[in-house]
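Just so you know, all these numbers are worked out from the coordinates, no wet-lab data involved. As the structure is a prediction and not an experimental result, all values here were calculated from the model. Methodologically, a virtual Cβ is constructed for each residue, glycine included, from the backbone with ideal geometry; neighbour enumeration extends over all protein chains shown.
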Amino acid sequence: DVVIALDVSHSMTATDVEPSRMERAQAAARAIVDLRVADRVSLTTFAGWPYRLVPMTDDMSVVEYFLPWVRPELVESRQQGTALAAVIGDAGRAVQARERSGAVPVLVILTDGEAHGAAPAALDSARALAAAGVRIWTGGVGTEEGGALLVSRSSGAPLLGGSGAQVVAGYDADLLRDIARIGGGTFHDIGDDRGVADLVADLQALRGGQSVTQRAAFDPTGLLV
């Protein structure tokens, strides 16, 4: 059972990896779903706090339907941030809400790890989740140099900080490595296809490389009833 936590904070719009941090993270999430790495998947998005978009389900087409619509532009400025501690805690609740006997629960966090000083809280949450039996993998996206940010929904205007300098999104790979180590998983840089493939292979090894039969395509019209 895999909880995918996808960072949708404004820093994920940075283009220091091509085509953008967000699109690389989405590619990793799609690979986990499309290659049927897990028996069941839950999808959570997070910025200033987590939002559980898809509860744990064995119908992968539901997650496939929502993934393309997950964009940082949907997050209001007041909701910004990278709430790693909160999303790690929420993953435990997502697993408990639909717990399954014999399942191996895993959290996969796809993010640039920019915790804005909240790293200790994130590490504490990782320890608590690991103690509850949930393993943690992290997929990091970004560069050491960082990526300059633009004003959301603008035509290319630079986002300026209080000093007047352009805001640059950071990348904390060390924090993501520490979270994965505490959680008994591994860290992968997903800034390119090789990193995504390595992450997926790692998760496939966890489940023993078993294949899962694909189900019929999801019909979104059911959501309108």
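Roughly how big is the chain's charge dipole about its Cα centre, with Cβ charges of +1 (Lys, Arg) and -1 (Asp, Glu), in debye to the nearest 20?
On the way: 19 positive and 28 negative charges, 133 e Å.
For the chain, the charge dipole is close to 640 debye.
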Distant-in-sequence amide H partners of residue 185 (H built 1.01 Å from N, under 5 Å): 136
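Rounded to the nearest 0.05, what FRET efficiency do residue 98 and residue 121 give with R0 = 25 Å and r taken as the Cβ-Cβ distance? Could you check? Don't skip to the answer; put the middle values down first.
Numbers: r = 26 Å, r/R0 = 1.04.
So the FRET efficiency works out to roughly 0.45.
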In the chain, if the dipole is taken from +1 on Lys/Arg beta carbons and -1 on Asp/Glu beta carbons about the Cα centre, which of 96, 85, 137 is farthest to the positive end? 96
Label point 7 Å out from residue 57 along Cα-to-Cβ: which residues of the stretch 1-44 have amide N under 18 Å? 1-6, 29-44
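Contour minus end-to-end for residue 198 and residue 144, with contour as 0.36 nm per residue of separation and end-to-end as the Cα-Cα distance?
Details: separation 54, 0.36 × 54 = 19.44 nm, distance 2.06 nm.
Additional length available on full extension: 17.4 nm.
Based on DSSP H runs of at least 4 residues, each adding -39500 (n - 2.57), what is the mean residue ellipticity at 222 nm of the chain after dividing by all its residues, to the nearest 500 deg cm²/dmol?
Values: 6 runs with 72 residues, N = 225.
Helices in the chain give a 222 nm mean residue ellipticity of -10000 deg cm²/dmol.
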Enumerate the amide H contacts of residue 42 below 5 Å, restricted to partners 5 or more residues apart or on another chain; note that Pro and chain-start residues carry no placed amide H. 2, 3, 4, 57
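Give me Rg/Rg_expected for the chain, where Rg uses Cα atoms only and Rg_expected = 2.2 N^0.38 Å with N residues. Let's see the in-between values first.
Details: Rg = 16.9 Å, N = 225, 2.2 N^0.38 = 17.2 Å.
This ratio for the chain stands at 0.98.
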Mean separation of Cα contacts under 8 Å (at least 6 apart) over the residue count of the chain, i.e. the relative contact order in percent, is 24
Point-to-point label distance, residue 181-residue 168, nm (Cα→Cβ direction, 7 Å offset): 2.6
Simple label model, 7 Å out from Cα along Cβ direction - residue 39 to residue 151, nm: 5.2
In sequence order, calculated HN-Hα J values of the stretch 123-134 (Karplus, 6.51, -1.76, 1.60; Hz; x Gly/Pro): 5, 4, 5, 5, 5, 5, 5, 4, 5, 7, x, 9
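Can you list the trypsin sites (Lys or Arg not before Pro) in the stretch 119-185 that are in a DSSP coil and have 16 or fewer other beta carbons within 10 angstrom? Spell out each step's value before the answer.
Details: sites: 127, 135, 153, 177, 181; in loops: 153.
Here the sparse-neighbourhood loop sites are 153.
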